[in-house]
Amino acid sequence: MLALCLETSTYEASVALAEGGEVLAEERFPGYTDLNRGFALRIRGLLEKFSLSPGDLGLVAVSQGPGFFTSLRVGVAVAKALAHALKTRLVAVPTLWLYAASWGKRKEEVLLTAHPANAREAFLAVFVPGESPKPKASDKEALLSGLSGAILASGPVQAKEPSKDLLSPEVEGKRVVVCGPFAERIFKALRGVEARVEGSLSCPPISALAALAAGLAEAGRFDDPKGLKPLYFSPSQAERTYGVRVT
């Protein structure tokens with residue numbers, strides 16, 4: 001099944017074509033500055049590279065969040081519009097899964113993701129060794145419940161002040177690998193923990209989105225384009241200022 005994969009949750013956006021969970025071609029570009037202007041052109045360019053048309057797509061996969069409010073909203077909106085217009089299947093994958101799936105079941109290290117909840121807060125999640133993501137969820141509570149056992153703790157925190165409770169006691173004596181766009185900030189704030197930054201996971205890998213989406217599609221776990229919403233987890237600045245909630 002030919003899939004179009006969209007990842008727009010952070011500073012760097014990605015679009016890719018994949019088949020059978022394997023990426024055929026990928027293009028990365030600035031998510032903050034070039035998303036509105038160049039998104040559609042890059043999708044068209046990828047299709048033309050393989051002499052394909054939008055009608056050849058059998059699946060649209062999108063990274064659902066958390067992430068930056070505007071860029072995440074654009075990515076999910078484009079995915080929904082394409083799935084609706086093309087009458088094709090849609091799969092949304094929580095963004096934190098992309099890190100965990102790429103890291104795999106490594107026994108010796110704990111994975112700490114430091115993904116943006118907004119411009120100033122990181123959404124931290126700890127994945128224990130030997131665990132991997134489970135089937136998808138549709139909201140924050142279900143996401144955290146669905147990852148029980150794989151995720152020890154999570155929540156938005158100030159990027160310069162990670163919670164000490166997040167890293168204890170389960171990770172005591174284990175090496176911590178910090179990944180994500182805010183990894184350097186969180187790493188510098190950690191004290192008394194053996195840790196390192198994993199540079200290869202500075203952004204959510206779209207290859208993991210392709211693989212996880214293929215698995216969900218094979219299991220028949222599709223999303224309704226009309227009802228799908230991004231997983232923001234943290235209100236935008238406008239929502240905080242005016243006391244409204246955007247859905």
**Study point:** Calculated FRET value between residue 11 and residue 40, using beta carbons and R₀ = 22 Å, to 0.05
**Key:** 0.65
Check your understanding: What are the residues whose amide H is under 5 Å from the amide H of residue 175, where those residues sit 5 or more places off or on another chain and H is modelled from the backbone?
Key -> 110
Exercise for review: For every other residue with a beta carbon closer than 10 angstrom to the beta carbon of residue 7, add +1 if it is Lys or Arg and -1 if Asp or Glu, then tell me the sum.
Suggested key: -1
Review point. In what order do 88, 70, 8, 33 fall by count of nearby beta-carbon atoms within 10 Å, going from fewest to most?
Key: 33, 70, 88, 8
Review point. Which entries of 49/229; 87/229; 49/80 show an alpha-carbon separation above 26 angstrom in the structure shown?
Key: 49/229
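Just so you know, all these numbers are worked out from the coordinates, no wet-lab data involved. Everything numeric in this text was worked out from a predicted model, so none of it was measured. No Cβ is skipped: glycine too gets one built from the backbone with ideal geometry, and neighbour counts run over all protein chains shown.
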